[in-house]
1. Which one is modelled with the highest pLDDT, of the residues in the range 84-123 that are surrounded by 11 or more Cβ atoms within 10 Å (Cβ to Cβ) and among the aromatic types (F, W, Y)?
2. Enumerate the pairs (first residue in the range 64-92 and closer than 13 Å to A116 by Cα; second residue anywhere and small (G, A, S) and not in a strand (DSSP E or B)) with beta-carbon separation below 6 Å, excluding pairs fewer than 6 apart on the same chain, so at least 6 apart or on different chains.
Amino acid sequence: MTYGVLVDPTAPAHSSKPPVHDLSSCRRGPRRIAANPRGPARSLPKEHPLASSHLPKPIRFDGDTWLCMRNDPAVPKAIIRRFRDVKHRSVFLVIRWALDPAEQQLMASAPSLERANELVRFDPPKGTAPTFAGYPHATTRDAG
C-alpha cells in the first residue's frame, strides 16, 4: 500500500494515461478558456524615434544629481535632480543651469533619467535660426 498517492477507484488498474480533467468548469460553474490565457498578444514597445542614444550621457555629480552637457563643453546646459514622490517613485526634475542657485529655473519633470535627458535641447548654431522679433515696441501708425 502506498501512502500519499490519490488513486481513482473507477480507473483501470494498469492505465498508462493519466486521468483527463475537464478544465472548462470550476467551482463557480462552466467558463470559457481562452486560447491565450495571458490575453491578446502584445507587441514589444517600439523604440522612441528620438532615442537618447544620439545624445551625450548625463554626467553623474552625486547620487541624485546629473549634469547635461550640450553645445558648450565647459558649461552644463541643465541639471537633472532625482526626487522621490509620496509613493516612493522617482521623479527627475530638469533645471536650467546657472552658476547662482537663485537663478536656476525648473524647466520640466520626467519619469526616467533617459526621458529627462531627451528634454534638454541643443542650442541652434548661430545664424541658422531666425531671431525672435517679439512684440513690436514701437509701431508707426498712419496719421489720418
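The values are calculated or read from the model by the stated rules, or taken from the named source; none is laboratory data. Keep in mind it's a predicted model, so treat the numbers as computed, not measured. Neighbour counts run over all protein chains shown; Cβ positions are idealised from the backbone, glycine included.
1. F92
2. As it stands, the answer is I80/A116; F92/A116, since those pairs meet every condition given.
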